[in-house]
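Here the structure comes first, spelled out in structure tokens, and everything after it is commentary.
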There are 2 protein chains.
Amino acid sequence: MIHNDVRSKGFVKKISLNKAIEIAQKSFGLFPSHEIKLQDQIIIDKILRIDIQSNRNIPFFNRSAMDGFAVRSEDTTLASSNNPVILRVIDELNIGQKPNMRIEKGTAMKIPTGGVMPLGANAVVKIEDTKPFSPSEIKIIKPISTTKNLSEVGEDIKKGRVLFKAGHRFRIFDRSFLLSAGIEKVVVTKTPTLALLSTGDELIEPWTPKMEIGQVPDVNSINIFDLSLNEGWKPRIIGIIPDKIKTLRKAIREALASYDVVLLSGGTSVGTKDYIPILFDELGELLFHGVSIRPGKPISAAKIQNKLVFGLPGYPVAALLTFQFIVKPVILFLMGLKNSEIPTIKAKISIDVKSQLNRLDFLRVKLQKEPKQKIKAIPISISGSGILSTIVEADGIVIIPETVEALQKDDDVEVFLIKWS
Amino acid sequence: MIHNDVRSKGFVKKISLNKAIEIAQKSFGLFPSHEIKLQDQIIIDKILRIDIQSNRNIPFFNRSAMDGFAVRSEDTTLASSNNPVILRVIDELNIGQKPNMRIEKGTAMKIPTGGVMPLGANAVVKIEDTKPFSPSEIKIIKPISTTKNLSEVGEDIKKGRVLFKAGHRFRIFDRSFLLSAGIEKVVVTKTPTLALLSTGDELIEPWTPKMEIGQVPDVNSINIFDLSLNEGWKPRIIGIIPDKIKTLRKAIREALASYDVVLLSGGTSVGTKDYIPILFDELGELLFHGVSIRPGKPISAAKIQNKLVFGLPGYPVAALLTFQFIVKPVILFLMGLKNSEIPTIKAKISIDVKSQLNRLDFLRVKLQKEPKQKIKAIPISISGSGILSTIVEADGIVIIPETVEALQKDDDVEVFLIKWS
């Protein structure tokens, strides 16, 4: 072994999940931001960097909420079936049209739903509550109160109101909502680019048609690619790098030159050929190596040329879980996200589960609905962190924290609903 | 009004939500399918049309699950700390390497995690459970049972096993899972193309910088665009069509020539200028007009030139909800999806809510966690179906079915967790 080998040090000083995330988050400044036009692109999953205030009142004008007649409510006070009030209809307004007459005492204007309220009018009588009286007159048969059946200017959103604060992650209707509020541009975090490298002499490209005994398809690159794309990021599969320290050093340096984040998988354990932590230490600052979680223990992270680099475990399930619970929160934090939270659901665990003090366990579970609002979390049998189908079949993840040694049947657990797609 | 006007007929014969979906689903054959290569593209959200069987055993070979020594378990039966068994180490295997020696009585082979088990061996002793004895020998200090610390060929997936059935909608890890199983191509539904048209004389393009009194930004095109893209479909915003029957007829015909599905919004009510149902009846077969839901009542659907056409309500919230609960299930069904289900959660409604017999109400709610696994569903105040922020703020939708006249505070409700993004 090489003198002063960081690999063994790393594993002796295993840190907690939260500590690992915190160290990585605090080692970097925020990713750069830029301004984008809402007309040009969808903004789902982008992260806002500057508060946005509404440029408009919504509704933009007093508008009718019904097909009917715009009136002065005070004209209808005495209306009844026996003594209807007769109003003169001075105009018929079309949708989108600006009224060019004013409602004076004793007059009304026909108006469609969404039509602009004429000046002087303060209520809309539904068409069903009127009767024709003459070609230019209608009967009103009951009184109507002020502001009835109309939406007032600024009722929904007032001009100047803060619509979203910096740190907000855009959702699907935010684009049209902002455009409605007269916003044309927003300042968001530049989409990070990610270089994905795998290492391991057993790996072959997953689309290789003929596989030899001893070979393993490199599924991590594809999974991390699909997951990153799903977050709205720009991943690129660099490929499989032979497990030689020179080749790895060169590949990491090349990736750092062109990408914001470098994610390696494999080669991060304490086996003789696991060079990643050594290279991290040599090329920059090794932030951590070894986290008290299962699966995922050998994960490492580094700051090299001021860039974020992760060494993910080679085992597919461990790679995915560490991506989800470490890499993703770190990148989102550096993108400026505030208040990120994985949705959870309460459930009862279906069997006893052993864990270990001072180690956090990720337990894959299937959910099953029971009577009386109860939900059962059924652990998926796990014979190894390499078995991808245990993730494919899981509805969520139960975290067994460091302070818990075992779960007992029917214990309440919180299930993280990982939306894998 | 035009003679025999389908608009009034439609509303007289309002049908139920489920009936509307069923009519539209049964009026068409499945969308065409095609074969795609897994190497070339992500497959998330695509729908499988032909069952897939595994081409490989997973694991592909007997492999070690630990760093250690491959042994014959029968050689270790008598091992103890006091009487260790001495085994001769005949080789050290690297990852990815195929062993070229056989384990005979009294021998062992050093093997890494994931390494190929040599013939003759039937268990792996962890490195921690061995001690060096001489440069070429190790001590085993306790017995090990057969198949311990190894994954047997086909243990996870047997060659020939059906991995996914036709009708499955692919999720994020399915691509690497299929590649691991030796699958290179899958037959999926061709991604449908959708033409999005809006109609209404009040509408302006939402990025128009200066808005006049009376104008309303066309948010429906953008929302339906973003929602469709989110489903993995190919939407295209055609734009705002003036509310004139000739222009609308021409626009619908042009859209039908180039797209699989045509979605109009606006112009589908019973107002004087609402030409959509009339045009549907003229150009093809009006499948329905008017569904007993609120909001969303005026939705209509047609079969024109054997293509699916919807007339969505003009009000943004109504357009979104009818997209989500009618258009989407119909399109997914025609794409071949089986077992589609919107995830739900049980909650208690926080206040009394009025509804109406024989009408299904969509109630937008926010969710709030309470002690003891309880979740409260708080209705968002709704002053009209046009107010988009009520959707932006909602965590889910409570459906009040046709048979229920009102909800009472603390009633159990099922909340549809619409993932808008």
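The values are calculated or read from the model by the stated rules, or taken from the named source; none is laboratory data. Just so it is clear, the structure is predicted and the values come from calculations on it, not from any experiment. Note: ideal-geometry Cβ built from the backbone for every residue, glycine included; neighbour counts use all protein chains shown. Protein only, heavy atoms only, side chains kept; ligands, DNA and RNA dropped before computing areas. Shrake-Rupley method; radii C 1.70, N 1.55, O 1.52, S 1.80 Å.
Remark on B:Met117: its backbone amide H falls under 5 Å from those of B:Asn62, B:Arg63, B:Ser64, a criterion applied only to residues 5 or more positions apart or on other chains, H modelled at 1.01 Å from N. Most simply put, the protein assembly as shown has about 65% antiparallel DSSP beta bridges, counting only bridges with both residues inside it.
Residues B:Met66, A:Met335 ordered from highest to lowest accessible area at a 1.4 Å probe: B:Met66, A:Met335. Dividing the helix sum by the residues of chain B, where each DSSP H run of 4 or more adds -39500 (n - 2.57), gives a mean residue ellipticity at 222 nm of -5000 deg cm²/dmol. Ranking A:Leu178, A:Ser145, A:Leu48 by how far each Cα lies toward the positive end of the dipole of chain A (charges on Cβ) leaves A:Ser145 at the top. A simple rule links phi to the HN-Hα coupling: the Karplus curve 6.51 cos²θ - 1.76 cosθ + 1.60 with θ = phi - 60°, which for the range B:183-197 gives 8, 9, 9, 9, 9, 10, 5, 4, 4, x, 9, 10, 9, 10, 10 Hz, with x for Gly and Pro. Overall, the protein assembly as shown carries a charge dipole of about 40 debye about its Cα centre when +1 sits on the Cβ of Lys and Arg and -1 on the Cβ of Asp and Glu, all other atoms neutral. Distance from the Cα centroid of the range A:233-258 to that of the range B:302-348 is 44 Å (rounded to whole angstrom). Solvent-accessible area per residue in the range B:77-131 equals 53 Å², computed with a 1.4 angstrom probe and all protein chains kept. In this view, the solvent-accessible surface of B:Asp260, computed with a 1.4 Å probe and all protein chains in place, comes to about 60 Å². Accessible-area rank, largest first, for B:Arg88, A:Arg249: B:Arg88, A:Arg249, with all protein chains present and a 1.4 angstrom probe. The charge dipole of chain A, taken about its Cα centre with unit charges on the Cβ of Lys, Arg, Asp and Glu (plus for the first two, minus for the last two), comes to roughly 640 debye. Residue ranking by accessible heavy-atom surface, 1.4 Å probe, largest first, among B:Ser136, B:Ser265 comes out as B:Ser136, B:Ser265. Relative to the Cα centre, the charge distribution of the range A:156-197, modelled as +1 at Lys and Arg Cβ and -1 at Asp and Glu Cβ, gives a dipole magnitude of about 140 debye. The GNM of chain B, with springs linking C-alpha atoms under 10 angstrom apart, assigns the highest mean-square fluctuation among B:Ile399, B:Ile15, B:Ile86 to B:Ile86. The GluC sites (Glu not before Pro) of the range B:254-357 that meet both conditions, a loop assignment by DSSP and at most 16 other Cβ atoms within 10 Å of the site Cβ, are B:Glu341. Between the amide H of A:Gln356 and any residue lying 5 or more places away or on another chain, no distance stays under 5 Å, with hydrogens modeled in the peptide plane. Heavy-atom surface analysis with a 1.4 Å probe gives the range A:285-376 a carbon and sulfur content of 51 percent of its accessible area.
Is the C-alpha gyration tensor of chain A telling us rounded, prolate or oblate? Criteria: a/c under 1.5 is rounded; beyond that, a/b larger than b/c is prolate, otherwise oblate. Prolate, since a/c reaches 1.5 and a/b exceeds b/c. Plainly put, the tip 7 Å out from Cα toward Cβ on A:Gln356 is 6.4 nm from that tip on each other copy, the closest given first.
The string of couplings for the range A:55-72 from the Karplus curve (6.51, -1.76, 1.60, θ = phi - 60°) is 8, 9, 6, 10, x, 7, 8, 5, 9, 6, 9, 9, 6, x, 10, 6, 9, 8 Hz, one whole number per residue in order, with x for Gly and Pro. The range B:175-212 and the range B:119-137 have Cα centres lying 57 Å from one another. Within the listed set B:Lys37, B:Lys148, B:Lys297, the Gaussian network model of chain B (springs between alpha-carbon atoms below 10 Å) gives the highest mean-square fluctuation for B:Lys148.
Taking a ≥ b ≥ c as the square roots of the eigenvalues of the Cα gyration tensor, the range A:149-214 is classed as prolate, since a/c reaches at least 1.5 and a/b is larger than b/c.
In this structure B:Glu35 has an accessible area near 120 Å², from a 1.4 Å probe over the protein heavy atoms. Over chain B, with a Gaussian network built from C-alpha contacts below 10 Å, which listed residue (B:Thr322, B:Thr199, B:Thr146) shows the highest mean-square fluctuation? Of B:Thr322, B:Thr199, B:Thr146, the most mobile in the Gaussian network model is B:Thr146. Label-to-label distances for A:Lys244 across copies, nearest first, come out at 7.4 nm, using points 7 Å from Cα in the beta-carbon direction. Interface between chains A and B: roughly 6500 Å² of accessible area buried, both sides summed (probe 1.4 Å, protein heavy atoms only). Applying the Karplus relation 6.51 cos²θ - 1.76 cosθ + 1.60 with θ = phi - 60° to the range A:165-180 yields 3J(HN,Hα) values of 9, 3, x, 6, 9, 5, 10, 5, 9, 5, 5, 5, 4, 5, 4, 4 Hz, where x marks Gly and Pro. Roughly how much of A:Thr76 is accessible, in Å² to the nearest 10, using a 1.4 Å probe? Roughly 0 Å² of A:Thr76 is accessible to a 1.4 Å probe. For A:Ile157, the residues whose modelled amide H falls within less than 5 Å of its own, excluding neighbours fewer than 5 places apart on the same chain, are A:Ile58.
Across the protein assembly as shown, Cα-Cα pairs more than 34 Å apart make up 60 percent of the total. Within the accessible surface of the range A:206-274, defined with a 1.4 Å probe on protein heavy atoms only, the carbon and sulfur portion equals 55 percent. For B:Asn306, the label point sits 7 Å beyond Cα toward Cβ; its separations from the matching points on the remaining copies run 6.1 nm, from shortest to longest. Checking the Cα-Cα distances for B:Lys159/B:Lys190; B:Lys26/B:Lys328; A:Lys37/B:Lys307 against a 25 Å cut-off, the pairs over it are B:Lys159/B:Lys190; A:Lys37/B:Lys307.
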